[in-house]
1. Which ones in segment A:1-25 are modelled with pLDDT under 95 and either open to solvent by less than 30 Å² (accessible area, probe 1.4 Å) or among the polar types (S, T, N, Q) (or both)?
2. Kindly evaluate B:ARG64 against the criterion of being touching a helix residue (DSSP H, G or I) at 6+ places or on another chain (Cβ under 9 Å) and surrounded by 20 or more Cβ atoms within 10 Å (Cβ to Cβ).
3. Looking at segment A:94-112, which of its residues are surrounded by 20 or more Cβ atoms within 10 Å (Cβ to Cβ) and not hydrophobic (A, V, I, L, M, F, W, C)?
4. Could you tell me which residue of segment A:47-69 is nearest to the other protein chains (Cβ to nearest Cβ), considering only residues that are within 11 Å of the chain's Cα centre (by Cα) and more than 17 Å from A:VAL108 (Cβ to Cβ)?
5. Quick one: which strands (runs of 3 or more DSSP E) sit completely within segment A:20-112 and have at least 2 residues that are out of contact with any Ser or Thr (no Cβ under 9 Å at 6 or more places or on another chain)?
6. Just give me the residues in segment A:46-73 being buried (at least 17 other Cβ atoms within 10 Å of the Cβ) and among the hydrophobic types (A, V, I, L, M, F, W, C), in sequence order.
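The values are calculated or read from the model by the stated rules, or taken from the named source; none is laboratory data. These figures come from a predicted structure and were not determined experimentally. Here the Cβ positions follow ideal geometry from the backbone for every residue, glycine too, while neighbour counts run over all protein chains shown. Please note that ligands, DNA and RNA were not included when accessible areas were found on the heavy atoms of the full protein model with its side chains. Shrake-Rupley method; radii C 1.70, N 1.55, O 1.52, S 1.80 Å.
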Amino acid sequence: KNQVEQSPQSLIILEGKNCTLQCNYTVSPFSNLRWYKQDTGRGPVSLTIMTFSENTKSNGRYTATLDADTKQSSLHITASQLSDSASYICVVRKAAGNKLTFGGGTRVLVKP
Amino acid sequence: DAGVIQSPRHEVTEMGQEVTLRCKPISGHNSLFWYRQTMMRGLELLIYFNNNVPIDDSGMPEDRFSAKMPNASFSTLKIQPSEPRDSAVYFCASSFLRTGTPSSYNSPLHFGNGTRLTVT
């Protein structure tokens, strides 16, 4: 069964600190993996995409990694800011077809 | 670019009433998606259109739900009759998919800000 599991479900960090979110998937065959950020009351916004051949990709203070062998991805937030408070959703696209599988998200709260 | 525009932002209705949600995708995008988001189930795909044609409606819960895309710039999701369990945030998203190439599926989804539906 194609699944995407994220951990932790939620976390609280102090402003300025780093954190890492995890995403494990069983989707196969794999096409790509994308991390979205969803602010409260808004729609998700794409942060980064990882394809099979990519191990790491950065977007500002966000760095995503992908291990296609173990089917794991992580999203690292460096020097967190209050505006990083949001839900982060891992989405895996299955190859051949337009099927997306969404993770349940990790809710991040950055406190001053 | 105004992004994906959804209306209304909030809808409160009584059980049994008809509800119509509206979406204007980003100009030039050829694919449109309707999602439902709840705390329990997260984001679920209801239906998606490509070039205004419904491609996959397997996520539509039941016959009470219907979606149309009469042209490239407008889509509706209708619930009739509505039930309390339909309460959720409904998102519309659009994307440009260039089929037939390996990079076809690398286009991100652009989401609207959703319609929060409450059925009492």
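1. Answer for segment A:1-25, where residues must be modelled with pLDDT under 95 and either open to solvent by less than 30 Å² (accessible area, probe 1.4 Å) or among the polar types (S, T, N, Q) (or both): A:ASN2, A:GLN3.
2. Working: touching a helix residue (DSSP H, G or I) at 6+ places or on another chain (Cβ under 9 Å): yes; surrounded by 20 or more Cβ atoms within 10 Å (Cβ to Cβ): no.
The answer is no for B:ARG64.
3. Taking segment A:94-112 as the starting set, the residues that turn out to be surrounded by 20 or more Cβ atoms within 10 Å (Cβ to Cβ) are A:100, A:102-103, A:105-106, A:108, A:110.
Listed by number, the residues that qualify are A:GLY103, A:GLY105, A:THR106.
4. Applying the filter and picking the extreme gives A:ILE49.
5. Hits in segment A:20-112: A:45-51, A:100-102.
6. A:LEU47, A:ILE49, A:MET50, A:ALA64, A:LEU66
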